[in-house]
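Asker: Supplied in structure tokens, the structure appears directly below.
No lab work stands behind these numbers, since they all come straight from the coordinates. No experiment lies behind these values; they were computed from the predicted model shown. Cβ: placed from backbone, ideal geometry, glycine included. Neighbour counts: every protein chain shown.
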Amino acid sequence: MIQQNATMKAVVCPKYGPPEVLTIKDLSKPSPNKDEVLVKAIASSVNTGDVRIRGLKVEGIMKIVMRVVLGFNKPRKPVLGTTFSGIVEQVGDAVTRFKVGDEVYGATGFNQGCHAEYLSIPEKKVITKKPANASFEEAAALPFGGQTAIYFLRKGGIEEINNPQVLIYGATGSVGTAAVQIAKHYGANVTALCSSRGKELAQGLGADSIILYDQEDFTKVSDKFDIILDAVGKTSKKQCNSLLKPDGKFLSVEGMDIASERTEYLEFLRELFESKHLNAVIDKVYPMEQVVEAHKYVDTGRKKGNVVLKMAGN
Ligand SMILES: NC(=O)c1ccc[n+]([C@@H]2O[C@H](COP(=O)([O-])OP(=O)(O)OC[C@H]3O[C@@H](n4cnc5c(N)ncnc54)[C@H](OP(=O)(O)O)[C@@H]3O)[C@@H](O)[C@H]2O)c1
């Protein structure tokens, strides 16, 4: 029996600022509406989106846009976190896709709320069964970079190109590690650009060639690409123009193009994970109590793959 006045622990961001603004509070445990699933969350990720919201880290006009979308002086939704994995604890009367005990994972986008012991989410939103062979930590690490990589690679037309030549600029972050592996799944010949620190990781992901940005000028390579995906927002179309084939496409995670989040993407990620075409790259795992440390680490911009947050009691 679920007590309606029960509480849960959650990470709360009461104002924009450095990692230290974050605190852990007892909040009311949600109870699901008739179309919703109550998930006992086990893991989440702390990603670049979270730290960007916490610190309101955007430039110029985007700062105003972000304040309008997220809250003017403080986040309107104070519980951060956009990915989750966990176990269905309760379902609303109208729910048909899930039952109590299902192991699920998903993403909540701008609704956030995943850095909490429980979340209630409509079954029609971005939630599905987690990969059967994935740990909860691995499942929580998949949606952020994975969905972004699928969105941009498909936008670049990767499904329609025969033997695509793909450059992943920034291959060792959350988006980059997913993009290398997903591009390989589409039959691409993948060149990964990373630092010397990321060389072994990029090799392990299956990159065919590697450019070390701290040792060579990538604009001088002779290869031509069908798709260049800037997965860290550190280059530009202008800088990459000479590396594109005549019909080649340049895509970037930086700017106004926001990757969509879809249950279909999660199902595709699950298929790739279960068939061992995709690994969840996890750099560090922090308990919820160390969320400030997790944010400090993500703030460095140097993480490899993903940072995972384990919910209290797991
Ligand atoms: N548009 C969208 O919908 C969307 C969605 C998701 C993310 N994003 C954006 O995408 C960007 C990347 O996100 P993420 O979570 O994947 O980042 P991340 O995990 O924090 O990326 C960190 C990685 O980038 C590498 N890196 C840092 N500087 C680099 C450089 N100059 N060249 C190449 N690699 C470099 C780092 O390795 P080294 O230190 O070894 O270089 C590190 O491994 C963020 O700006 C995020 O806001 C946009």
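Asker: Treating cross-link reach as a plain straight distance, find the lysines whose alpha-carbon is under 18 Å from the alpha-carbon of residue 249, omitting any fewer than eight places away in the same chain.
Answerer: Candidates past the 8-residue exclusion: 155, 184, 224, 234, 237, 238.
Asker: How big, on average over all directions, is the shadow cast by the Cα convex hull of the chain, in nm²? List each step's numbers first, then the result.
Answerer: Working: hull surface 64.6 nm².
Averaged projected hull area, Cα only: 16.1 nm².
Asker: If you build the Cα gyration tensor of the range 74-214 and take the root of 5 times each eigenvalue, what three semi-axes come out, in whole angstrom, biggest first?
Answerer: Taking √(5λ) for each Cα gyration eigenvalue gives 33, 17, 14 Å.
Asker: Report, please, the projected area of the range 197-254 averaged over directions, based on the convex hull of its C-alpha atoms, in nm².
Answerer: Numbers: hull surface 17.2 nm².
Average projection, Cα convex hull of the range 197-254: 4.3 nm².
Asker: Could you list, bin by bin from short to long, the percent of Cα-Cα pairs of the range 182-314 in 5 Å steps?
Answerer: Result, from short to long distances: 2, 8, 14, 18, 21, 18, 11, 5, 2, 1, 0 percent.
Asker: Relative to the compact globular guide of 2.2 N^0.38 Å, what is the alpha carbon radius of gyration of the range 1-78, as a ratio? Write down the numbers at each step before the final one.
Answerer: Numbers: Rg = 15.1 Å, N = 78, 2.2 N^0.38 = 11.5 Å.
Dividing the Cα radius of gyration by 2.2 N^0.38 Å gives 1.31.
Asker: Report Rg/Rh for the range 145-252, rounded to two decimals, where Rg is the Cα radius of gyration and Rh the Kirkwood radius. Write out the running numbers ahead of the final one.
Answerer: Numbers: Rg = 12.0 Å, Rh = 13.2 Å.
A ratio of 0.91.
Asker: Between 161, 150, 212, whose Cα lies farthest towards the positive end of the dipole of the range 145-252 when Lys and Arg beta carbons carry +1 and Asp and Glu beta carbons carry -1, centred on the Cα centre?
Answerer: 150
Asker: Also: For residue 23, project a label point 7 Å along Cα to C-beta. Then give me every residue of the range 44-85 with its amide nitrogen under 17 Å of that point.
Answerer: Backbone N within reach: 74-80.
Asker: Sticking with this one: Which one of 291, 203, 69 is farthest out on the positive end of the charge dipole of the chain, using unit charges on Cβ (Lys, Arg +1; Asp, Glu -1) and the Cα centre as origin?
Answerer: Result: 69.
Asker: How much of the pair distance distribution for the range 111-171 lies past 19 Å, counting alpha-carbon pairs only, in percent?
Answerer: Numbers: 917 of 1830 pairs.
It works out to 50 percent of all Cα pairs.
Asker: I would also like to ask the following. Could you quote the convex hull projected area for the range 254-302, Cα atoms only and averaged over all directions, in nm²? Mind dumping the intermediate values first?
Answerer: Details: hull surface 21.6 nm².
Approximately 5.4 nm², given one-decimal rounding.
Asker: Counting other Cβ atoms within 10 Å, which trypsin sites (Lys or Arg not before Pro) in the range 102-150 have at most 15 and lie in a DSSP loop? Can you show the working numbers first?
Answerer: On the way: sites: 124, 125, 129; in loops: 124, 125.
Here the trypsin sites (Lys or Arg not before Pro) that fit, given the DSSP loop and packing criteria, are 124.
Asker: Right, next: Work out the FRET efficiency for residue 15 and residue 163 from their Cβ-Cβ distance, taking R0 = 51 Å, and round it to the nearest 0.05. Walk me through the intermediate numbers first.
Answerer: On the way: r = 51 Å, r/R0 = 1.00.
In this case the efficiency is close to 0.50.
Asker: Å³ per residue of the Cα convex hull, for the range 34-80?
Answerer: For the range 34-80, the hull spanned by Cα atoms encloses 104 Å³ per residue.
Asker: Out of 188, 112, 22, whose Cα points farthest toward the positive end of the dipole of the chain (charges: +1 Lys, Arg; -1 Asp, Glu; placed on Cβ)?
Answerer: Among 188, 112, 22, the one farthest towards the positive end of the dipole of the chain is 22.
Asker: Would you kindly give the portion of the calculated P(r) for the range 32-129 that falls above 20 Å, as a percent of all Cα pairs?
Answerer: When every Cα pair of the range 32-129 is considered, 40 percent fall beyond 20 Å.
Asker: Still on this structure, please answer the following. Given charges of +1 on the Cβ of Lys and Arg and -1 on the Cβ of Asp and Glu, with all other atoms neutral, how large is the dipole of the chain about its Cα centre, in debye to the nearest 20? Could you put the intermediate results ahead of the total?
Answerer: Numbers: 41 positive and 36 negative charges, 160 e Å.
Rounded to the nearest 20 debye, it is 760 debye.
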